1. Quick check on region 115-127: of everything there that is in contact with a strand residue (DSSP E or B) (Cβ under 8 Å, 6 or more places away or on another chain) and not in a strand (DSSP E or B), which residue is surrounded by the most Cβ atoms within 10 Å (Cβ to Cβ)?
2. Filter region 140-179 for residues that are in a loop (DSSP other than H, G, I, E, B) and among the basic types (K, R) and give the result.
3. Got a sec? Which of G139, G78 is modelled with pLDDT under 95 and open to solvent by less than 20 Å² (accessible area, probe 1.4 Å)?
4. Taking only region 5-21 into account, find how many residues are under 26 Å from E140 (Cα atoms), open to solvent by 40 Å² or more (accessible area, probe 1.4 Å) and over 16 Å from the mean Cα position of the chain (by Cα).
5. Please indicate, with yes or no, whether at least one residue in region 56-72 is open to solvent by 30 Å² or more (accessible area, probe 1.4 Å), out of contact with any Leu (no Cβ under 7 Å at 6 or more places or on another chain), under 21 Å from D132 (Cβ atoms) and outside any strand (DSSP E or B).
Amino acid sequence: SLQSNNGNIRQSAGSRIDLSAVNNQAGQLSVVALGTDAGQVDLQGQISGTSSGYYDAGGTWVPYKAGGVDIRAQRLEGDLSQAFASLNQRLNAGGVVGSRSFQFKQGNLLVGNGLKAGEVNVSVDNGNLTVDGLIDASGERVGSIRLAAKNALTLTGNAVLDAHGRVLRVDSYGKIIDA
């Protein structure tokens, strides 16, 4: 958990945050910088969040959940949309695909391709949110996507919200679990 009440949070490019786990659920990173006169988040280093192994969920073997991030800030360092895309590339490379939750207090955000996690939450508290690409919450488990904006929330003709599951869940008797 990284928190700054009245300042910014910065991670240098050479640093590493490791949330990964072997045969277990990976960790969660919480980053909170909401100070009105500061509140900038700039995560330039490596963030790892892979997990391995499966567990029996009452009849279906499911993978352990990968790592996740919860970032709440006034804004990201630099242009919000470019910084957001760059951050998501680093999170994808590090296997942080369990959950991603973002709350930005300022700015307009354009989300293209590259946002991938089983649970996705994006909130723009004082601006517009535009999706112009794939938000991928699909996987062996059924995913979820939640989007919110104070002003306009726009899904362009290129927007795809994908939260489908690829594995049939059964109970301990091998019977399909009714939805």
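1. First, pick out the residues of region 115-127 that are in contact with a strand residue (DSSP E or B) (Cβ under 8 Å, 6 or more places away or on another chain): 115-125, 127.
Subsequent filtering for residues that are not in a strand (DSSP E or B) retains 117-118, 125, 127.
Numbers: A117: 27, G118: 24, D125: 16, G127: 18.
Of everything passing the filter in region 115-127, A117 is surrounded by the most Cβ atoms within 10 Å (Cβ to Cβ).
2. Taking region 140-179 and keeping what is in a loop (DSSP other than H, G, I, E, B), we get 140-143, 150-152, 156-159, 163-164, 166-169, 171-175, 177-179.
If the condition is that a residue be in a loop (DSSP other than H, G, I, E, B) and among the basic types (K, R), then R141, K150, R166, R169, K175 are the ones that fit.
3. Every option except G139 fails the conditions.
4. Residues meeting the conditions: 0.
5. Taking every residue of region 56-72 in turn, none turns out to be open to solvent by 30 Å² or more (accessible area, probe 1.4 Å), out of contact with any Leu (no Cβ under 7 Å at 6 or more places or on another chain), under 21 Å from D132 (Cβ atoms) and outside any strand (DSSP E or B).
Each row is one residue, and each column tells you yes or no for (1) assigned to a strand (DSSP E or B); (2) touching a residue at least 60 places away in the same chain (Cβ under 8 Å); (3) in contact with an Asp or Glu (Cβ under 6 Å, 6 or more places away or on another chain); (4) open to solvent by less than 20 Å² (accessible area, probe 1.4 Å).
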{"residue": "Q3", "(1), (2), (3), (4)": "yes, no, no, no"}
{"residue": "N23", "(1), (2), (3), (4)": "no, no, no, no"}
{"residue": "G35", "(1), (2), (3), (4)": "no, no, no, yes"}
{"residue": "V41", "(1), (2), (3), (4)": "yes, no, no, yes"}
{"residue": "S52", "(1), (2), (3), (4)": "no, no, no, no"}
{"residue": "L87", "(1), (2), (3), (4)": "no, no, no, yes"}
{"residue": "V96", "(1), (2), (3), (4)": "no, yes, no, yes"}
{"residue": "S101", "(1), (2), (3), (4)": "yes, no, yes, no"}
{"residue": "G107", "(1), (2), (3), (4)": "no, no, no, no"}
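The values are calculated or read from the model by the stated rules, or taken from the named source; none is laboratory data. This one's a predicted model, so the numbers in the text were calculated from it and none came from an experiment. Cβ sites come from the backbone with ideal geometry, for glycine too, and all protein chains shown count toward neighbours. These accessible areas exclude ligands, DNA and RNA; they are computed on the full protein's heavy atoms, side chains included. Shrake-Rupley method; radii C 1.70, N 1.55, O 1.52, S 1.80 Å.
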